[in-house]
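I have placed the structure first, in the form of structure tokens, so that the comments after it can refer back to it.
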Amino acid sequence: MKLAIVQMSVKQSDFEFNFEKADAFAARAKREGADMVVFPEMFVCGFSYKKNLEYVLGNPGQPQGRLSQIAERNKIWLCGSAPYLEGAQLPTNRLWLFDQSGCARASYDKMHLFSLFRENLHCNPGREICVAETPFGKIGLSICYDLRFPKMFSDMADAGAGIIILVGAWPYPRLDHWQTLSRARAVENQVFFVCVNQCGTENFGQKAVKYFGGSEVIGPWGEVLADCQIDRPDSISFCDIDFSLIEEARAKLPSYKDKIPGLDI
């Protein structure tokens, strides 16, 4: 499986601009032989909760409809998060996984909402983990702040996930946390950990948030197999995923096998 990770800068609340940029990246990923392309958290809009809600209220079936079209047009699997609203007053932060025909194969609603940025006041939380069945193998889905809550990743590994994708919008000054926790999630579960972050500055009135990028594909030994570097917006990187490396790592160091079943310790 060849994976592409895209470290996008996002134009706040300009859905059309971001759709077009994502489409171009998906086309490039396909040209270079990728089977799947992964985008950051809220890569179609950023974090103006008011404007995002106005968009989904005024455009039923979007943005997921456009993401489906991008996947189908480029004949590539696509993963990324966007606001989603159905039968509720508040949207969820939903991570979509579309196949190469544009069919939604799985979705995950962010469970851990970031109260420091008041996400819990503007979004409904998800209630369960997601491990998707794909032709490549089982893939777990997660979003940003989830990274700080290790049990959900252990649960995904227990459900058979060989790859866990985490899409984020992590800003300075928490770069060390991003790198340390991402490697820990890969090593402790002996899986491939794909962490894709926004890169660039988002303005909120007089306040600005700078996302540092640092997107990576981490192997089951904790080694960085591909990256988009720090402070390098609108970059793409590729990685070949060899699932046999998971069994190799677990055979050489059987920490995953030695877990005590049923205990959350």
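Points to keep in mind about this one:
- Within the chain, percent of DSSP bridges classed antiparallel, to nearest 5: 70
- MRE, 222 nm, helices only [DSSP H, n ≥ 4, -39500 (n - 2.57), over the chain, to nearest 500]: -8500 deg cm²/dmol
- Rg and Dmax of the range 119-265, both derived from C-alpha coordinates alone, stand at 16.0, 53 Å.
- Over the chain, Cα pairs under 8 Å with separation of 6+ residues give a relative contact order of 19 percent.
- Candidates S68, S244, S215: whichever shows maximal mean-square fluctuation once the chain is modelled as a Gaussian network with Cα springs under 10 Å: S244
- Considering only the range 72-204, percent of DSSP beta bridges that pair antiparallel, nearest 5: 60
- For the chain, the longest principal axis of the alpha carbon atoms and the long axis of helix 15-31 meet at an angle near 40°.
- Angle between the chain longest axis and helix 175-189 axis [Cα atoms, degrees, rounded to 10]: 40
- In the frame of its principal axes, the range 1-64 has Cα extents of 37, 22, 17 Å, reported largest first.
- Segment A251-R174, length gained on full extension (0.36 nm per residue, minus Cα span): 24.3 nm
- Shown here for the range 43-110: GluC sites (Glu not before Pro) in loop regions (DSSP other than H, G, I, E, B) with at most 16 other Cβ atoms within 10 Å, namely E86.
- S9 sits among other residues whose Cβ lies under 14 Å from its own Cβ, and their net charge, with Lys and Arg +1 and Asp and Glu -1, is -2.
- Listing R174, R28, R183 from fewest to most neighbouring C-beta atoms within 10 Å gives R174, R28, R183.
- All other residues whose Cβ lies under 14 angstrom from that of K51 are scored, Lys and Arg at +1 and Asp and Glu at -1, for a net of -2.
- Listed residues F192, F19, F98, most fluctuating in the chain (Gaussian network, C-alpha, under 10 Å): F19
- For R31 and D258, the FRET efficiency from 1/(1 + (r/R0)^6), where r spans their Cβ atoms and R0 equals 45 Å, is about 0.55.
- Using the Cβ-Cβ distance between A104 and Q206 with R0 = 45 Å, the FRET efficiency computed as 1/(1 + (r/R0)^6) comes to roughly 0.70.
- Furthest towards positive pole of dipole, Q190, T180, F204, structure part the range 152-265, Cβ charges: F204
- Those trypsin sites (Lys or Arg not before Pro) in the range 203-263 that DSSP places in a loop and that have at most 15 other beta carbons within 10 Å: K257, K259
- Applying both filters, DSSP loop and at most 13 other Cβ atoms within 10 Å, to the trypsin sites (Lys or Arg not before Pro) of the range 82-157 gives R118, R127.
- Charge sum, other residues only, whose C-beta stays under 13 Å from F136's C-beta, Lys/Arg counted +1 and Asp/Glu -1: -2
- Shape analysis of the chain based on the Cα gyration tensor places the equivalent ellipsoid semi-axes at 27, 20, 18 Å, largest first.
- Helix 64-74 vs. the chain, principal-axis angle (Cα, 0 to 90°, nearest 10): 70
Laboratory data are not the source of any read-out in this text; all were calculated from the coordinates shown. Here the structure is a predicted model, which is why all the values come from computation and not from measurement. Counting neighbours? That spans all protein chains shown, and the Cβs are built from the backbone with ideal geometry, glycine included.
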